[in-house]
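A.B. asks: Before I ask anything, here is the structure I am working with.
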Amino acid sequence: YVLSGNSADLANTLTTLYASYPKCVSDSLMNIVGTHDTDRILTELGDQSHKSLGLSNSELSVRKMSPENRARAIKLLKIASIIQYTVYGVPSVYYGDEAGVEGYHDPFCRATFPWGNEETELVEHYRRLGTMRKREKVLEDGLFKVIRYNRGFIMFERGEGDEKLIVAANVNKTNANCGIVGRNVLTGEYFNGTLAPESAVIIKSFDMNEDR
């Protein structure tokens with residue numbers, strides 16, 4: 001979704017899976033975006049071009065993304081991780097993904113942890129996600145429902161009644177109007193309803209207006 005912008009496919013996949021399993025199974029699924037058998041998620045999001053170049057292992061062992069591609073990959077990983085931490089199931093992070101490790105196929109995806117050279121922006125982002133996940137009990141077993149989606153935008157909810165979080169993601173190059181305002185639980189800041197390009201938000205204590 002974060003690469004293609006196909007929010008319909010994401011919405012349909014999440015809804016179909018949720019309807020296919022008993023709720024207790026959905027709540028305990030292992031949510032991963034990277035593993036020791038795949039390209040590092042940051043590399044996957046920032047460097048698709050290498051797949052058509054036929055590069056040797058020697059070349060891949062030293063290849064790095066450009067600063068521009070890496071910066072965009074970090075933005076996309078923030079969106080992917082917010083979804084990973086808020087859909088049904090349990091988020092599972094492959095070591096180093098939270099620190100900005102790059103790497104192509106095995107064995108380059110198994111690089112050691114970059115002690116002292118972590119991507120601090122990502123580390124802090126994952127720390128906030130972990131704190132939120134521990135604090136917001138609705139993410140343990142709250143009901144899941146897709147609210148709406150279109151052209152790179154998706155919004156879903158966890159929980160019901162007064163105990164509910166709403167998550168919105170926008171991978172477009174333009175703002176998205178969510179029709180919802182409230183407190184961003186990751187930053188504590190007030191969210192005014194306009195979601196910036198290539199970003200996501202988790203809202204609590206919200207007001208919703210479908211006509212916005």
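A.B. asks: For Ser28, indicate whether it is out of contact with any Ser or Thr (no Cβ under 7 Å at 6 or more places or on another chain), in contact (Cβ under 8 Å) with a residue 60 or more places away in the chain and under 13 Å from Ala80 (Cα atoms).
C.D. replies: When the stated conditions are applied, Ser28 does not pass them.
A.B. asks: Looking only at region 46-64, which residues are within 14 Å of Cys109 (Cα to Cα), among the aliphatic types (A, V, I, L, M) and either touching an Asp or Glu at 6+ places or on another chain (Cβ under 8 Å) or open to solvent by less than 60 Å² (accessible area, probe 1.4 Å) (or both)?
C.D. replies: Leu60
A.B. asks: Only residues in region 175-202 that are in contact (Cβ under 8 Å) with a residue 40 or more places away in the chain count as the first member; pair them with residues that are assigned to a loop (DSSP other than H, G, I, E, B), Cβ under 7 angstrom, at least 6 apart or cross-chain, and list the lot.
C.D. replies: Correct list of pairs: Val185/Glu136; Leu195/Asn175; Leu195/Cys178; Glu198/Val171; Ile202/Val185; Ile202/Leu186.
A.B. asks: Would you confirm whether or not region 22-32 contains a residue that is among the β-branched types (Val, Ile, Thr), assigned to a loop (DSSP other than H, G, I, E, B) and either out of contact with any His (no Cβ under 7 Å at 6 or more places or on another chain) or under 27 Å from Ala99 (Cα atoms) (or both)?
C.D. replies: For region 22-32, residues among the β-branched types (Val, Ile, Thr), assigned to a loop (DSSP other than H, G, I, E, B) and either out of contact with any His (no Cβ under 7 Å at 6 or more places or on another chain) or under 27 Å from Ala99 (Cα atoms) (or both): present.
A.B. asks: Starting from region 96-117, take each residue that is farther than 19 Å from Lys75 by Cβ and list its partners that are open to solvent by 10 Å² or more (accessible area, probe 1.4 Å) and β-branched (Val, Ile, Thr), counting only C-beta distances under 7 angstrom and pairs at least six apart or across chains.
C.D. replies: These pairs meet every condition: Cys109/Thr38; Ala111/Val101; Pro114/Val101.
A.B. asks: Of all the residues that make up region 88-99, how many are under 17 Å from Val2 (Cβ atoms) and either assigned to a helix (DSSP H, G or I) or open to solvent by less than 10 Å² (accessible area, probe 1.4 Å) (or both)?
C.D. replies: 2
A.B. asks: Name every residue in region 157-180 that is farther than 16 Å from Ser199 by Cβ and not in a loop (DSSP other than H, G, I, E, B), in order of residue number.
C.D. replies: Within region 157-180, Glu157, Arg158, Gly159, Glu160, Glu163, Lys164, Leu165 meet the criteria.
A.B. asks: Might you check whether a residue that is at pLDDT 95 or above and among the small types (Gly, Ala, Ser) occurs anywhere in region 48-65?
C.D. replies: Taking every residue of region 48-65 in turn, none turns out to be at pLDDT 95 or above and among the small types (Gly, Ala, Ser).
A.B. asks: OK, next. On the given criteria, is Asp37 assigned to a loop (DSSP other than H, G, I, E, B), farther than 30 Å from Thr15 by Cβ, open to solvent by 60 Å² or more (accessible area, probe 1.4 Å) and in contact (Cβ under 8 Å) with a residue 60 or more places away in the chain?
C.D. replies: no
A.B. asks: Here is a further query. Residue under question is Glu198, and the condition is that it be farther than 22 Å from Lys23 by Cβ, open to solvent by 20 Å² or more (accessible area, probe 1.4 Å) and at pLDDT 95 or above; does it hold?
C.D. replies: no
A.B. asks: Could you tell me whether region 100-119 includes any residue that is modelled with pLDDT of 95 or more, part of a helix (DSSP H, G or I) and not basic (Lys, Arg)?
C.D. replies: No: zero hits.
The values are calculated or read from the model by the stated rules, or taken from the named source; none is laboratory data. All values reported here derive from a predicted model rather than from experimental measurement. Quick reminder, even Gly has a Cβ in these numbers, built from the backbone with ideal geometry, and neighbours come from all protein chains shown. Calculation scope for accessible area: heavy atoms of the full protein, side chains included, ligands and nucleic acids excluded. Shrake-Rupley method; radii C 1.70, N 1.55, O 1.52, S 1.80 Å.
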